[in-house]
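To start, the structure itself, in structure tokens.
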């Protein structure tokens, strides 16, 4: 599957492709954000068959070059090979700058519920746990409610037949 998402709030574009592998899925993407805090990043996101993160490799190309690897471990998460006990409560990754991560949370919750995300801010690559709620509004519409990092932020999300975001109120929409 291939998708392109454009930013609605500032200039930006993501070119995304997800392909099956023998033990899950591989998502590869490039994001160019030309807004007030411009950045470019590419990622390779490895998922298991249930669409749960196994590993996320990030390569920030601007404003400065930097790489980061996040891996699921038996007791939580490793970042660049180091344990972070404060992240053990995190169920899934929320990478700012892409709507793809919302699809992972919605698949995990399968309807209504809350989770703690390992929130990764772009372009700083700072990370911390953040509580989130997702609720199904109708067949392909969800409501996202941030209870953590951006507490009070809410948005309607629409998903396509593949379970990927087609529209994220005020932030992203699928194109092409």
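Read the figures in this text as sums done on the coordinates, not as results from a lab. Remember, predicted model here, so these are calculated numbers, not experimental data. So basically every Cβ, Gly included, is an ideal-geometry build from the backbone, and we count neighbours across all protein chains shown.
Structure notes:
- Pairwise label distance in nanometres, residue 149 with residue 121, each label 7 Å out on the Cα-Cβ vector: 0.8
- FRET efficiency, residue 67 to residue 110 (Cβ-Cβ, R0 22 Å, nearest 0.05): 0.10
- If R0 is taken as 30 Å, the Cβ-Cβ distance between residue 30 and residue 54 corresponds to a FRET efficiency of 0.90.
- Radius, Kirkwood style, for the stretch 41-176 when every pair of distinct Cα atoms is counted (Å): 15.3
- Gyration tensor verdict on the stretch 1-88 (Cα atoms; rounded if a/c is under 1.5, prolate if a/b is larger than b/c, oblate otherwise): oblate
- Look at the alpha carbon pairs under 8 Å that are at least 6 residues apart: their mean separation over the length of the stretch 1-160 gives a relative contact order of 11 percent.
- Relative contact order (percent, whole number), the stretch 31-82, Cα cutoff 8 Å, 6+ residue spacing: 24
- Each 10 Å bin from zero holds the following percent of Cα-Cα pairs in the stretch 120-176: 22, 44, 31, 3.
- q = 0.12, 0.32 Å⁻¹: log10 I(q)/I(0) that the Debye formula gives for the stretch 1-50, counting C-alpha atoms only: -0.32, -1.13
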